Amino acid sequence: MTYDVAAVRAHFPALQEGAAHFDGPGGTQAPRAVAEAVARVLGSAVANRGDVTRAERRADDAVGQCRSAIGDLLGLDPQGVVFGRSMTALTYEFSRTLAKTWRPGEEVVVTRLDHDANVRPWVQAAEAVGARVRFADFDPITGELAPEDIAGHLSANTRLVAVTAASNLIGTMPDIAAISALVHERTGALVYVDGVHATAHESVDVPASGADFWACSPYKFLGPHCGVVAAAPDLLATLSPDKLLPATDAVPERFELGTLPYELMAGTTAAVDFLAELAHLGVGTRRERLIAAYAALHQHERRLRDVLEPTLRNLPGVQVYSNAQRRTPTVLFTVDGWDSQALRAELAGRGINAPAGNFYAIECSRHLGLGDSGGVRVGLAPYTNEEDIERLLSGLRDLLL
């Protein structure tokens, strides 16, 4: 397997602006192929899905191809792929649908490691029906969230556990397979996983993870702005979301409100296809090529992280909060005497995009002792290279030394 970062970067028109992008956890840049796929659909005749006119078939093909691509990316049945405006919007819809079956006194477990999109929808849905919410804490020093941290909150009344596969703030990657097994064995509750940040960096096998639901966002892995929730079709068939009377009751369409954005679905397919070619394998199924590509990407990002982190941790006044043993190439830090937003602005003036804040991981930021302000976050992406790393480190040295 090879990973040619220069060849990868050549596919990203946005990089021609000259900035060093470390804001991947908030949304990646898109390769040319994704933009072209979106434009092709918008420039073609498209109608509501059907099998009579060419315009109908074109829309139907865009949907089917997107479900197939996400199925290959996540290792599951494409008929379990639900498409929506965003992961947040979809999670709200699923929280309301699942809460219809909850009773007063039953319980939902969420964690303080999670993005608020996998916390607040469940908290609000539980409150609406009189269910209780229990918060599982992570270790603020190591950043670890162990299965035992969730186990203490499980009971016969637990109906759902919501947990992240990777913290978008500090990168921690909990053992989802172990957590899912624990939850299912002890309670039979459902496990809803926020895979938004994890899917951008690690090859995903949803059935192997034990997750009942896996949520992700294509724009975090080089695609357009939209969201996905995937589950087994048989599980989706047991749920009854609110929908319009004439809308189909078929799975997964019963969860998709209104006309689907065919152009975004085409862009999502293009993003998955682009990812599948990162290792230049050239043979095998798309799923096999994706697994190989993620292995090459992981090696590339780990090498860059090994260059970045030792120097960053040794800069004067820097405190790093990303300390878990297994984590994405994501580093959150603060600097003594510096407001994080001011530091962000100084770096931006040097063409270095390293955003600051809590990034909607509000419970995580507070648990780390950072309040609502968070810190500066540096996240690597498939197009990050050694020059970007050196530019960031050089900029920080100029400001801090």
Scanning for something at pLDDT 95 or above, surrounded by fewer than 17 Cβ atoms within 10 Å (Cβ to Cβ) and not acidic (D, E), does the range 259-282 turn up at least one residue?
yes
For the range 90-126, which positions are basic (K, R) and either part of a helix (DSSP H, G or I) or over 25 Å from E256 (Cα atoms) (or both)?
R96, R103, R112, R120
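A quick yes/no check of all residues on (1) over 14 Å from G71 (Cβ atoms); (2) without any contact (Cβ under 8 Å) to a residue 24 or more places away in the chain; (3) outside any loop (DSSP other than H, G, I, E, B):
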{"position": "P207", "(1), (2), (3)": "no, no, yes"}
{"position": "W214", "(1), (2), (3)": "no, no, yes"}
{"position": "H280", "(1), (2), (3)": "yes, no, no"}
{"position": "A292", "(1), (2), (3)": "yes, no, yes"}
Looking at R49, R67, R58 in this structure, which one is more than 30 Å from A296 (Cα to Cα) and either out of contact with any Lys or Arg (no Cβ under 9 Å at 6 or more places or on another chain) or modelled with pLDDT under 95 (or both)?
R58
Hits in the range 25-63 (condition: under 30 Å from A165 (Cα atoms) and in contact with a Phe, Trp or Tyr (Cβ under 9 Å, 6 or more places away or on another chain)):
P25, G26, G27, T28, Q29, A30, P31, R32, A33, V34, A62, V63
Take the range 335-352 and flag every residue that is in a strand (DSSP E or B) and either surrounded by fewer than 20 Cβ atoms within 10 Å (Cβ to Cβ) or in contact with a Ser or Thr (Cβ under 6 Å, 6 or more places away or on another chain) (or both).
V335
Is it the case that A7 is hydrophobic (A, V, I, L, M, F, W, C), closer than 29 Å to H300 by Cα, assigned to a helix (DSSP H, G or I) and out of contact with any Gly (no Cβ under 8 Å at 6 or more places or on another chain)?
yes
Tell me, which residue of the range 38-83 that is among the basic types (K, R) and open to solvent by 40 Å² or more (accessible area, probe 1.4 Å) is farthest from Y294 (Cα to Cα)?
R54
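The values are calculated or read from the model by the stated rules, or taken from the named source; none is laboratory data. Not measured: the values here are computed from a predicted model. Every residue, glycine among them, receives a Cβ derived from its backbone with ideal geometry; neighbour counts consider all protein chains shown. With ligands, DNA and RNA removed, areas are computed over all heavy atoms of the protein, side chains included. Shrake-Rupley method; radii C 1.70, N 1.55, O 1.52, S 1.80 Å.
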